[in-house]
Amino acid sequence: METCENICWQYKNDLKHLYSLKEIDEFIRMAFLKLSDWNRIDVSLNKKTKINKDAVLAHKNIINRLSNYEPIQYILQETNFYNLVINVKEGVLIPRPETEELVHWVLDFVKDNDHVLDVGTGSGCIALAVKSFSASINVTGLDNSSNAISIAQQNSRNLNLDVSFEIDDILAPRSHYKSWDIIISNPPYIPFSDKKSMHDNVLNFEPDNALFVSDDEPLIFYNAVAKFALKQLNDGGLIFFEIHEKKSDETLELLASLGSKKLKLKRICKVKIG
Ligand SMILES: C[S@@+](CC[C@H](N)C(=O)[O-])C[C@H]1O[C@@H](n2cnc3c(N)ncnc32)[C@H](O)[C@@H]1O
């Protein structure tokens with residue numbers, strides 16, 4: 001039987017040419033938490049503890065998949081987002097820490113009983129985090145991927161957070177929507193030409209539809225969401241976007257040209273319109 005120490009050594013030895021030691025330590029932490037419910041301190045206190053056969057096989061499978069650059073969140077089928085455990089699978093974007101900052105900003109403005117729409121909801125992470133803030137907020141998430149919507153619905157059930165999720169294409173939205181107090185979106189915004197500078201663990205596993213836009217129309221989603229918002233937002237309503245860090249000027253110009261007022265840019269990658 002192998003000990004915890006042997007398993008940790010295997011992670012380090014097999015992955016050291018692919019990942020930094022810091023990243024490998026994080027994989028070890030996440031894998032032991034998922035498989036044995038051990039936190040970092042448990043792992044260091046249990047160095048000599050024997051690991052059962054099934055868990056050893058599971059660790060070897062994780063190491064093997066990490067060697068193929070598969071993201072740890074897909075392997076473990078979950079990630080943490082704004083203190084929520086969000087299930088993720090291939091076909092849905094892995095929520096990013098910078099998107100937690102967007103939620104944090106939104107929560108300064110959302111009020112009880114507000115109607116909030118999350119456009120391009122993916123795993124539902126933004127919509128669910130907003131709902132977790134207060135049960136009285138009415139939250140809807142929409143996405144054109146049926147795969148994403150079914151994962152978002154599963155997350156809503158697992159977390160017991162009552163968010164409604166709908167399939168729709170924001171580039172040609174159905175017209176029956178009600179009006180909203182807040183619209184949030186982290187849409188696809190990476191031009192296809194940026195692909196060459198991106199890592200295999202993103203390119204080989206995360207969905208193109210969630211990430212990329214054509215080089216000719218890099219702001220297509222900001223244009224679509226802003227036009228939708230002009231029709232569907234209540235008086236005094238707000239839009240929040242996560243945006244491309246190198247496209248803040250163009251995005252602000254586009255939003256201003258569509259009639260958005262009081263544009264506010266935060267940390268060069270997020271924008272609020274009020
Ligand atoms: C950058 S991901 C964001 C996912 C999630 N909100 C998050 O922050 O992790 C963009 C999302 O937009 C969705 N999407 C792409 N094209 C769309 C469209 N035409 N209409 C609606 N959603 C779309 C993708 O399926 C994907 O889930």
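The values are calculated or read from the model by the stated rules, or taken from the named source; none is laboratory data. All of these numbers come straight from a predicted model, not from anything done at the bench. So basically every Cβ, Gly included, is an ideal-geometry build from the backbone, and we count neighbours across all protein chains shown.
General remarks:
- Of the residues making up region 81-102, one or more are in a helix (DSSP H, G or I) and without any contact (Cβ under 8 Å) to a residue 12 or more places away in the chain.
- Of residues in region 112-125 being outside any strand (DSSP E or B) and more than 13 Å from GLN153 (Cα to Cα), the one nearest to the ligand (Cβ to nearest atom): GLY120
- Scoring LEU84 on the criteria (1) out of contact with any Leu (no Cβ under 9 Å at 6 or more places or on another chain); (2) closer than 30 Å to LEU265 by Cα leaves a single failure, condition (1).
- Sole residue being among the acidic types (Asp, Glu), part of a strand (DSSP E or B), in the same structural domain as GLU242 (by TED's automatic domain parsing) and in contact (Cβ under 8 Å) with a residue 12 or more places away in the chain, chosen from ASP162, ASP181: ASP181
- Subset of region 222-245 (residues that are surrounded by 14 or more Cβ atoms within 10 Å (Cβ to Cβ) and assigned to a loop (DSSP other than H, G, I, E, B)): ILE243, HIS244
Here is a yes/no grid of residues against (1) within 16 Å of the chain's Cα centre (by Cα); (2) within 22 Å of LYS227 (Cα to Cα):
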position: PRO95; (1), (2): yes, no
position: LEU102; (1), (2): yes, yes
position: ASN113; (1), (2): no, no
position: SER123; (1), (2): yes, no
position: ILE126; (1), (2): yes, yes
position: PHE133; (1), (2): no, no
position: ASP169; (1), (2): no, yes
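- Hits in region 184-221 - residues which are assigned to a strand (DSSP E or B) and either among the aliphatic types (A, V, I, L, M) or away from the ligand (no atom under 14 Å from the Cβ) (or both): ILE184, ILE190, VAL213
- In region 44-60, the residues that are touching a residue at least 12 places away in the same chain (Cβ under 8 Å) and part of a helix (DSSP H, G or I): LYS53, ALA55, VAL56, ALA58, HIS59, LYS60
- Region 216-232: number of residues that are at pLDDT below 95 and out of contact with any strand residue (DSSP E or B) (no Cβ under 6 Å at 6 or more places or on another chain): 5
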